[in-house]
2 protein chains.
Amino acid sequence: MKDALKQRILASVSEDLTAIEGALATNLRPNLDLVRQIAGHLLFSGGKRLRPLLFLLSSRLCNYGGDLALDVSTLFEYLHAATLLHDDVVDEAEMRRGRKTAHSTWGAAQVVLTGDFLLARSLCLAARTGRPEIINVISGITEEMSQGEIDQLDKKGKLNLSEAEYMAIIKGKTAVLIQGACRSGAILSRAPADREQALADYGYHLGMAFQMADDLLDYTADAATLGKNPGADLREGKLTLPLILALERADGPDRSWMESVISTQGFNDDDFYKLVEKLHLYKGIDDTQSRAEHHVDQAKKCLEPFDDCGAKDTMIMLSDYAIARKA
Amino acid sequence: MKDALKQRILASVSEDLTAIEGALATNLRPNLDLVRQIAGHLLFSGGKRLRPLLFLLSSRLCNYGGDLALDVSTLFEYLHAATLLHDDVVDEAEMRRGRKTAHSTWGAAQVVLTGDFLLARSLCLAARTGRPEIINVISGITEEMSQGEIDQLDKKGKLNLSEAEYMAIIKGKTAVLIQGACRSGAILSRAPADREQALADYGYHLGMAFQMADDLLDYTADAATLGKNPGADLREGKLTLPLILALERADGPDRSWMESVISTQGFNDDDFYKLVEKLHLYKGIDDTQSRAEHHVDQAKKCLEPFDDCGAKDTMIMLSDYAIARKA
């Protein structure tokens with residue numbers, strides 16, 4: 001059932017995905033082979049290309065008639081890759097998408113600078129639109145994301161992280177970029193303000209749902225499907241919604257036990273699976289799922305003003321997929 | 001004599017410098033106090049404000065009549081600060097401008113992300129001009145600088161670095177940003193293409209002269225004036241022009257001895273001062289000075305097409321100051 005959805009989405013976007021892959025390779029243009037290697041290591045390791053795809057679909061939904069959309073779409077993947085490179089350095093992460101991270105292969109310094117290059121590349125592509133509004137959106141995203149990451153870093157290991165703090169963190173981490181991609185598709189197409197806002201809202205809700213689903217997978221998926229060990233967030237001291245909700249609701253002994261596990265960064269597998277049971281018991285898992293579903297519903301509602309078309313169908317399917325996927 | 005030049009420059013730009021200081025504080029606008037602290041630690045530690053100043057002077061030389069110049073000028077200082085923050089992490093530097101570097105006070109992660117924030121802030125300000133040509137220049141600068149840093153990192157400790165390789169490195173490290181600031185001043189003013197090129201060339205030569213002078217100071221200045229220990233470049237494995245020229249010319253035993261010192265990162269003060277003597281002996285110091293003077297002459301020539309005015313006088317004085325300064 002879930003796989004059927006994935007297949008339908010892939011069938012509807014396969015041409016776009018091929019075009020995006022090609023454009024990602026053409027637009028990278030580094031002077032140095034080392035930059036190509038480091039950037040390529042992450043860029044061509046099986047990313048979903050969700051962000052360029054959403055930009056393309058949004059521009060199509062707004063009847064964009066120009067020929068810039070494909071090249072410009074790549075900036076959202078470059079920007080995404082830039083933040084991932086910097087985040088992996090920041091988090092000292094060892095694995096991503098089932099492969100060693102760039103900074104465990106090259107030095108942190110090279111990886112930071114390659115991230116800067118990709119950031120600059122994004123902005124060159126934004127400038128190519130000749131539209132300062134788009135550049136404003138892109139630089140605004142970068143500002144929010146960098147500050148969001150610092151905020152998250154600052155709150156690492158905080159046991160009483162609130163749901164509101166969590167929402168602010170995942171907004172900065174994931175939703176603002178997806179929101180920006182959808183908004184920029186509307187701006188490029190010179191869509192009216194209400195359409196631009198509707199697409200921005202769609203992107204926001206989709207991004208929130210995606211990140212919540214990601215955070216759920218960190219407790220519920222198996223390592224092979226996930227491409228990294230489950231429980232990785234918790235090992236890095238990052239509390240996510242399933243745990244935040246369960247901690248709020250747990251009785252005294254359970255809460256103390258959970259806090260002791262969280263505080264022990266080297267917890268073992270048994271502890272982890274017992275913790276997952278508690279998350280189920282206190283409905284941390286179920287309620288995170290409900291909140292993610294709510295965002296999916298909201299995302300779909302934002303698309304109502306638009307005429308029915310292939311792009312709209314795909315964007316609806318993508319909303320469902322946000323919370324149905326396994327990795 | 002040298003100090004008199006500095007005083008004359010300061011007298012001619014004191015109003016601009018005050019205005020730039022104010023604008024740097026107003027335009028920073030971080031959401032997080034931590035970002036303000038980290039960015040402020042570097043931004044307000046006595047930088048020369050050379051880049052915003054050159055942008056302002058260039059726009060004035062091209063008779064800019066709008067009111068954006070001051071705010072936009074700050075982007076060149078933010079961009080400069082962003083690269084310094086990332087470079088200090090990359091180089092694991094302990095001191096800058098006589099103070100502990102940001103990353104020895106805060107974590108490398110926070111500093112990388114604050115650098116990203118400043119980069120984004122620069123681009124927001126560039127977008128405020130509504131001029132995609134300016135955004136193109138800024139993102140192009142960032143691309144060149146990040147790749148230049150990676151190139152430099154890759155060549156660390158290389159004993160046979162050529163003069164051409166050195167020139168490429170200092171261009172990416174210093175000249176492209178100063179060139180971009182001058183060029184952007186012309187673009188903002190909608191100056192004709194030949195004027196824009198003349199100012200870009202001025203900035204390039206000025207930047208090259210400044211960096212060569214910096215590299216000389218690392219051998220000839222004392223620690224108190226320099227704000228860090230002399231010989232810092234060499235300790236980090238960075239060969240600069242005085243040494244490159246001397247190595248090319250040294251006889252067998254001197255060359256071997258110099259190479260052995262360079263390869264010993266923990267060389268002592270006696271070795272360092274003996275090395276400086278060799279740099280004098282083989283005219284590494286004198287000839288670097290001559291090459292820097294040549295760039296100063298070229299920079300001044302670029303200003304000839306412009307009418308005489310206060311901005312032009314200051315820009316001429318700044319060229320002389322590039323190689324006359326003590327820190």
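So the values come out like this:
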{"item": "Charge-dipole axis of region B:2-324 as Lys and Arg at +1 and Asp and Glu at -1 on Cβ define it, positive-most pick from B:Leu247, B:Cys62, B:Asn268", "result": "B:Cys62"}
{"item": "Spatial separation of Cα centroids for region A:15-83 and region A:139-215, in angstrom", "result": "19 Å"}
{"item": "For chain A, built as a Gaussian network whose Cα springs stay under 10 Å, the top-fluctuating residue of A:Ala127, A:Ala246, A:Ala81", "result": "A:Ala127"}
{"item": "Estimated distance in nm for a label pair at B:Ala11 and A:Lys6, the labels positioned 7 Å out from Cα along Cα-to-Cβ", "result": "7.5 nm"}
{"item": "Shielding by partners, peptide A:124-134 (average Cβ within 10 angstrom, other chains)", "result": "5"}
{"item": "Mean separation of Cα contacts under 8 Å, 6 or more apart, over the residue count of chain B: relative contact order %", "result": "21 percent"}
{"item": "Lys, Arg +1 and Asp, Glu -1 on Cβ, resulting dipole of region B:56-137 about Cα centre, debye, nearest 20", "result": "240 debye"}
{"item": "Highest average packing first - A:48-58, A:145-155, A:184-194, A:274-284, Cβ atoms within 10 Å", "result": "A:48-58, A:145-155, A:184-194, A:274-284"}
{"item": "Charge dipole magnitude, Cβ of K and R +1, D and E -1 - the protein assembly as shown, Cα centre, debye nearest 20", "result": "680 debye"}
{"item": "Helix-only mean residue ellipticity at 222 nm for chain B, each DSSP H run of n ≥ 4 adding -39500 (n - 2.57), per residue, nearest 500", "result": "-24500 deg cm²/dmol"}
{"item": "Rough spin-label spacing in nm, given labels placed 7 Å along Cα→Cβ, for B:Leu32 and B:Asp286", "result": "5.4 nm"}
{"item": "Other-copy label distances relative to A:Gly66, 7 angstrom Cα-Cβ extension, nm", "result": "1.9"}
{"item": "10 Å Cβ neighbours from other chains, averaged over peptide B:149-157", "result": "4"}
{"item": "10 Å Cβ neighbours from other chains, averaged over peptide B:26-35", "result": "3"}
{"item": "Net charge dipole size for chain A [Lys, Arg +1 and Asp, Glu -1 on Cβ; Debye, nearest 20]", "result": "700 debye"}
{"item": "Stretch gain in nm, segment B:Ser162-B:Ala324, where the contour uses 0.36 nm per residue and the Cα spacing is subtracted", "result": "55.7 nm"}
{"item": "Inter-probe distance in nm under a simple model that places probes 7 Å from Cα toward Cβ, at A:Phe44 and A:Ala19", "result": "2.1 nm"}
{"item": "Total accessible surface hidden between B and A, rounded to 100 Å², 1.4 Å probe", "result": "3300 Å²"}
{"item": "Where region B:6-156 is the region considered: accessible area per residue in Å², 1.4 Å probe", "result": "35 Å²"}
{"item": "Accessible surface ranking that places the most exposed of B:Thr18, B:Thr83, A:Thr114 first, with a 1.4 angstrom probe", "result": "B:Thr18, B:Thr83, A:Thr114"}
{"item": "Chain B - percent of accessible surface contributed by carbon and sulfur, probe 1.4 Å", "result": "48 percent"}
{"item": "At 7 Å out from Cα toward Cβ: B:Ala19 inter-copy label distances (nm, ascending)", "result": "4.8"}
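The values are calculated or read from the model by the stated rules, or taken from the named source; none is laboratory data. Keep in mind that this is a model prediction, so the values were computed, not measured. Virtual Cβ from ideal backbone geometry, glycine too; neighbours counted across all protein chains shown. Note: accessible area is taken over every heavy atom of the protein model, side chains too, but ligands, DNA and RNA are not part of it. Shrake-Rupley method; radii C 1.70, N 1.55, O 1.52, S 1.80 Å.
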